[in-house]
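Worksheet: one structure, shown below.
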Amino acid sequence: MAYFIQFEDKSLGENTSLATLAGVKANFSSLTNIVLTNHASDLHDKYANSGVKTVLYQDENFTVRDLAQTAEFLFNLLKNSNDTYIFEDSKLGNLVAARLAAKLAVPFIPSISNIKVGPNSVSLSREIDSTKVVRLSHLKGKGVISVAINGVVEKAKAEVSEKPMTISAEEPATYVEKRDAGNDLLFAKTVVAGGKGLQDAEGFKPLEQLADKLDASVGATKAVTDVGWLPVSRMIGISGVSVKPDIFYSFGIAGAVQHTTGMDQSKHIIAVNTDPTAPIFKLADYGIVGDANQVIDQLINLV
Amino acid sequence: MKIATIVKSELTDPKTYTTHRTKVFYHPEKLFLSDSDKAAVELAVKIAGNNGQVDLFTLEQGEVGVRVLHEALAMGAASATEFVGSDPNDPANAYLAAEKVSEYLKDQGYDLILVGDVVGSAPIAAYLAENLGFNLYENVTRLSPNWEYETELDRGQLKGKVQTPAVLTVEANAIEPELPSFPALEAAQKQTIKSVALNLDTEEASEVVVNQTQHPHVIWNLDEEPDAVEKLVAALRQDGIMK
Ligand SMILES: Cc1cc2nc3c(=O)[nH]c(=O)nc-3n(C[C@H](O)[C@H](O)[C@H](O)COP(=O)(O)OP(=O)(O)OC[C@H]3O[C@@H](n4cnc5c(N)ncnc54)[C@H](O)[C@@H]3O)c2cc1C
C-alpha cells in the first residue's frame with residue numbers, strides 16, 4: 001500500500017502536479033491520494049476525475065507555511081500504518097517528507113526517477129547529477145520517498161472523501177511569492193513547445209489539447225511570439241524564459257541557439273521537424289522526421 | 001555560541017563516476033568541499049565571532065573526508081572530526097547514521113548545527129533536529145544578524161525568525177565565503193582529525209549502478225515508418241519517461 005501526499009494551499013503557488021500523481025499511480029496498484037488543504041470544497045471535481053482514491057483533509061487554518069505542524073499532522077495520521085509515503089520532488093515536498101521520515105524514524109529516499117515495486121521491496125533509482133550512473137536503493141519496510149515521475153492524466157472516476165483536520169492558527173513564517181511565480185511555464189514538469197513549423201495560430205490548438213492530456217505547459221519560439229500566435233510570456237530562450245522540465249517536446253522548432261539555451265537542460269528532449277538536418281535533433285533523445293501537426297494529432301489519440 | 005557544521009563534498013565533475021559496460025569506477029580525487037558547505041562554514045564562523053567555537057564534522061570517508069575537513073578548517077573552524085563507517089550520499093541508511101551522530105552531539109552543548117544543502121547527498125538535517133529536539137530551518141538563503149531567515153521554495157520564500165537551538169540547512173548563495181589565506185591552508189593541513197566509528201548496520205545500503213535509460217538518441221522517419229509515433233510512445237513508456 002502506498003500514499004501520495006500533497007498540499008493545496010489556496011494562498012500559495014506551491015501545489016503538486018496531477019501528472020506526478022498519474023506517474024505514481026502507474027507504479028503502485030494500491031494507492032491513496034492524501035491532500036491537506038484549506039479549500040476542500042473547490043477540489044472534489046478535480047480529484048473525482050484523477051483515477052486515484054482521494055481523501056481531502058480540510059481545515060481553514062491549514063497552511064504549508066507551518067512545516068512543523070504539517071509534518072506533525074501527517075505523523076499522527078500515518079504512524080500506525082506500514083507503507084510507502086510518497087511526495088513530489090519539489091522543495092516543499094522534500095521539506096515535509098524529510099520531517100515526516102524523521103518523526104517516523106524511517107528512511108527518506110529523495111529525488112527518485114524510477115520505481116520498481118517487487119514482492120518484498122520497492123527498488124528506487126536516483127540519477128546522480130550528469131553522470132552515467134544511478135543510485136539504487138531498496139526500501140524493505142516503511143519509508144518516505146520523493147519522486148520526479150510524470151504520467152499521463154487519464155480522466156477516470158475516483159472516490160473522493162473529505163475529513164476534518166485540526167490545525168492551530170499559528171503561522172511561524174510568512175510567504176513571499178517570487179516575481180515570476182505566476183508563469184506556469186517556469187515550473188512545469190512537462191513542456192510542449194511549438195515553433196514556426198506549426199504553420200499558423202490554428203496549429204497551436206491541438207498543441208494545447210496535447211498539453212492538457214500531459215498536464216504540460218505550452219512554450220514557443222521567438223518566431224511564434226513575434227507574430228502573436230502566443231503571448232511573449234511563452235517565449236523560451238535568451239530573450240524569454242529558461243525552462244528545465246523533466247520532458248520537453250519540441251514541434252516544428254529549428255533549434256537556433258538563442259532558443260536552445262533556454263531548454264537544453266531539460267532531462268528528456270523529444271523533437272519533431274520535417275528537416276532531418278534541423279539542429280534541434282542534436283539535442284533529442286527521441287525524434288521524428290515528419291509533419292509536426294500530424295504527430296501531435298496522433299499523440300493526442302495515443303496517450 | 002557553540003556551533004557544529006557537518007560538511008561534505010559535491011559532485012561537480014560528471015567523471016567522478018565513469019563506466020565500462022556494467023562496471024562503475026569511482027574517482028574520489030575529483031570531489032571537494034561543496035559550495036553550500038563553504039557557505040555554512042562561513043556563516044558559522046561569522047556567527048561564532050571571537051567568543052564562540054565552530055567544530056567540523058563529516059560523514060565523508062577516506063581521502064574525501066580528510067580533504068573536505070582540511071578545506072573547511074582553513075576557513076576558521078576550531079576542530080575536525082570524521083565519522084567512520086557510513087556513506088553521506090546513501091539515503092537508505094542516513095537515518096541510522098543520523099541517529100549515531102545525534103547521540104554523539106547530544107551532550108556537547110551545541111546551540112546551532114549547520115549543514116550545507118548538497119544536491120544528491122542524503123538529507124540528515126531533519127533526523128538530527130528530531131533526535132536532538134532542535135528547531136529545523138531548511139534551504140536557508142539568508143540569515144540576518146538578528147536571526148531572520150529565508151527558506152527557498154519553488155515559487156516563493158518563507159520568512160521567519162530562527163529560534164535556537166536549531167539545525168539549519170544552508171544554500172550556497174546564503175553568504176559569499178572569503179578565500180582562506182595560504183598560512184591558514186597550511187595550518188589546516190597540519191591539524192589533527194579525530195575519528196569516531198559509527199558502527200552502522202549497513203545491511204540496507206544502496207548501490208551505485210550504470211544508468212540503463214540514458215539518452216538514447218533515436219530518430220524515426222515518418223515517411224519510412226508510418227508507425228513512428230506509436231514507436232515513440234512505446235519507447236517513452238519503456239524508459240519510464242511516460243507512464
Ligand atoms: C538577439 C536574438 C535573440 C533571440 N532570442 C530568441 C529567444 O529567446 N527565443 C527564441 O526562440 N528565439 C530567439 N531568437 C530567434 C532565433 O534565432 C530563431 O530565429 C527562432 O528561434 C526560430 O524559431 P523557429 O524555430 O520557430 O522558426 P524557424 O527558424 O522558422 O524554424 C521552423 C522549423 O520548423 C520546421 N518545419 C516547417 N514545417 C514543419 C512541419 N510541418 N512540421 C514540422 N516541422 C516543420 C522547419 O524545418 C524549421 O526547422 C533570437 C534571435 C536573435 C538574433
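The values are calculated or read from the model by the stated rules, or taken from the named source; none is laboratory data. Please read all numbers here as calculations on a predicted model, not as lab measurements. Heads up, the Cβs are rebuilt from the backbone with ideal geometry, glycines too, and the neighbour counts pull from every protein chain shown. These area figures cover heavy atoms from the full protein model, side chains too; ligands, DNA and RNA do not enter into them. Shrake-Rupley method; radii C 1.70, N 1.55, O 1.52, S 1.80 Å.
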Q) Are any of the pairs A:140/A:163; A:142/B:30; B:2/B:100; B:23/B:231 more than 25 Å apart by Cα-Cα distance, and if so, which? A) A:140/A:163; A:142/B:30; B:23/B:231
Q | Computed magnitude of the charge dipole of the range A:71-164 (debye, nearest 20; Cβ of K, R +1, Cβ of D, E -1) | A | 240
(Q) Helix-only estimate, please: 222 nm mean residue ellipticity of chain A, summing -39500 (n - 2.57) across DSSP H runs of length 4 or more and dividing by its residues, to the nearest 500. (A) -6500 deg cm²/dmol
Q: State which entries of B:106/B:159; A:267/B:38; B:46/B:159; A:25/A:213 exceed 24 angstrom in Cα-Cα distance in the structure shown.
A: B:106/B:159; A:267/B:38
Q | Exposure rank, largest accessible area first [B:215, B:70, A:138; 1.4 Å] | A | B:215, A:138, B:70
Q) Can you give the Rg to Rh ratio of the range B:107-177, both from alpha-carbon atoms, with Rh computed by the Kirkwood formula? A) 0.95
Q: For the range A:78-102, state which residues have at least 30 Å² less accessible area in the presence of all protein chains than in their chain by itself, taking the probe as 1.4 Å and leaving out ligands, DNA and RNA.
A: A:91, A:95, A:98, A:99, A:102
Q) Residues of the protein assembly as shown: accessible area per residue at 1.4 Å, in Å²? A) 42
Q. Does the range B:175-239 come out rounded, prolate or oblate, given a ≥ b ≥ c as the square roots of the eigenvalues of its C-alpha gyration tensor, rounded meaning a/c under 1.5 and, failing that, prolate meaning a/b above b/c?
A. oblate
**Q.** By accessible area with a 1.4 Å probe, ligands and nucleic acids excluded, highest first: order of B:239, A:180
**A.** A:180, B:239
Q. Between chains B and A, what is the buried accessible area in Å², counting both sides, with a 1.4 Å probe and ligands, DNA and RNA left out, to the nearest 100?
A. 6300
Q: Take the alpha carbon atoms of the range A:2-164, find their radius of gyration, then divide it by 2.2 N^0.38 Å using N residues; give the quotient.
A: 0.99
Q. Which value results for Rg/Rh of the protein assembly as shown when Rg is the Cα radius of gyration and Rh the Kirkwood radius based on the inverse mean 1/r?
A. 0.98
(Q) Using the Kirkwood formula on the Cα atoms of the range A:185-302, what hydrodynamic radius do you get, in angstrom to one decimal? (A) 13.5
Q. Among A:108, A:120, A:80, whose Cα sits farthest toward the positive end of the charge dipole of the range A:1-159 (+1 at Cβ of Lys/Arg, -1 at Cβ of Asp/Glu, about the Cα centre)?
A. A:120
**Q.** Net dipole in debye of chain B [+1 Lys, Arg Cβ; -1 Asp, Glu Cβ; about Cα centre; nearest 20]
**A.** 540
Q: Quick one: pull the percent of accessible area on the protein assembly as shown belonging to carbon and sulfur, 1.4 Å probe, ligands and nucleic acids left out.
A: 48
Q) Let a ≥ b ≥ c be the square roots of the eigenvalues of the Cα gyration tensor of the range B:2-197; is it rounded (a/c under 1.5), or, if not, prolate (a/b larger than b/c) or oblate? A) rounded
Q. If you put +1 on each Lys and Arg Cβ and -1 on each Asp and Glu Cβ, how big is the dipole of the protein assembly as shown around its Cα centre, in Debye rounded to 20?
A. 500
